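One structure is given below, encoded as structure tokens.
A short reminder: the numbers here are calculations on the coordinates, not readings from a lab. As the structure is a computational prediction, the values presented were derived from the model and not from experiment. No Cβ is skipped: glycine too gets one built from the backbone with ideal geometry, and neighbour counts run over all protein chains shown.
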Amino acid sequence: MTALRTWLTADTPTSRNHARAIQAYLSWRALASNPLTVMGLLIVVLLVVVAALAPMLAPRSPIAQDLTQRFIEPGWQHWFGTDEFGRDILSRVIYGARVTLYIVVLVAVTAAPVGLLVGTVAGYFGGWADVVLMRLTDVFLAFPRLILALAFVAALGPGIENAVLAIALTAWPPYARIARAETLTVRSSDFIAAVRLQGASGLRIILGHVVPLCSSSLIVRVTLDMAGVILTAAGLGFLGLGAQPPLAEWGAMVSTGRRYLLDFWWVATIPGLAIFTVSLGFNLLGDGLRDVLDPKSS
């Protein structure tokens with residue numbers, strides 16, 4: 001273990017992979033030194049574990065109804081109580097983690113690459129490409145995200161897939177702005193000019209040199225935006241435009257539970273706390289990643 005630590009803290013890397021390992025180790029130490037970042041990371045890891053092991057962790061079926069068990073208070077029999085149909089809320093919250101993670105992952109892998117590609121192309125080539133792509137970005141940014149997502153879902157129809165598509169369509173413009181700003185900074189660099197003199201095409205320069213330089217800032221922004229994505233998805237579910245019954249989704253659970261909030265507080269409060277906790281976790285993790293990955297913050 002001592003030899004490994006010495007190898008990871010060496011002042012002079014012996015290879016490119018060694019340098020990457022040193023950088024990864026130093027980044028991890030910087031993350032681990034912040035208790036709030038560690039808390040956020042634990043929350044996100046817990047979300048992934050709960051979503052992956054939902055069938056084993058859930059004590060009961062999330063959709064099985066038993067009207068004789070309606071509105072049982074939280075206790076040993078049902079840790080989080082039951083809802084208006086006698087369904088176990090703990091099981092529904094656990095399976096709801098799958099829906100939340102599904103939405104977060106799909107939005108991240110669709111919106112972030114689109115925004116990165118649009119921003120780097122606009123920043124590198126400039127001219128009419130920059131004007132057209134950035135004006136298109138401005139059109140999307142002119143509308144509040146939730147309102148625009150509602151419009152897309154209304155046009156596409158309710159459902160979790162359409163909700164994911166609508167959120168992705170409203171999430172990419174900020175990433176495009178960040179990527180364009182980073183590209184404008186590096187496109188006149190000496191190493192970009194050297195690569196261009198070697199005969200590399202614009203697409204090769206963008207994908208091989210500009211995109212990697214923009215990735216760290218984009219990762220930070222994506223992590224910070226996940227809380228907004230979760231809240232938008234919960235808002236669509238609350239309005240009945242997201243995941244449809246009987247699928248367990250936290251926003252829809254809050255929507256149905258609000259009618260019984262005064263008498264049976266746990267029906268809406270428990271999934272609301274789940275939304276709050278996961279959103280807080282992504283925000284704390286994003287703040288820590290910004291301190292580590294963003295050179296301007298150090």
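Here are the numbers:
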{"quantity": "FRET efficiency estimate (nearest 0.05) - Cβ-Cβ, E161 to L203, R0 30 angstrom", "calculated": "0.45"}
{"quantity": "Convex hull volume of region 1-102 per residue (C-alpha atoms, cubic angstrom)", "calculated": "154"}
{"quantity": "Linear extension gain, D291 paired with N17, 0.36 nm per residue minus alpha-carbon span", "calculated": "96.3 nm"}
{"quantity": "Nearest-0.05 FRET efficiency for A151 and I63, computed from C-beta distance (R0 25 Å)", "calculated": "0.25"}
{"quantity": "Percent RCO, i.e. relative contact order, over the chain, from Cα pairs under 8 Å lying at least 6 residues apart", "calculated": "23"}
{"quantity": "Approximate spin-label separation W28-A10, in nm, with each point projected 7 Å along Cα-to-Cβ", "calculated": "1.7"}
{"quantity": "Formal net charge of residues neighbouring V132 (Cβ-Cβ distance under 14 Å; K, R +1; D, E -1)", "calculated": "0"}
{"quantity": "Dipole of the chain, positive direction: furthest Cα of V195, P158, P271, with charges on the beta-carbon", "calculated": "V195"}
{"quantity": "Per-selection metrics, the chain (Cα): Rg and Dmax in Å", "calculated": "22.9, 77"}
{"quantity": "Where chymotrypsin sites (Phe, Trp or Tyr not before Pro) fall in DSSP loop in region 35-99, at most 16 other Cβ within 10 Å", "calculated": "F71, W76, W79, F85"}
{"quantity": "Calculated FRET efficiency for the pair V105/E73, C-beta based, R₀ 41 Å, to 0.05", "calculated": "0.75"}
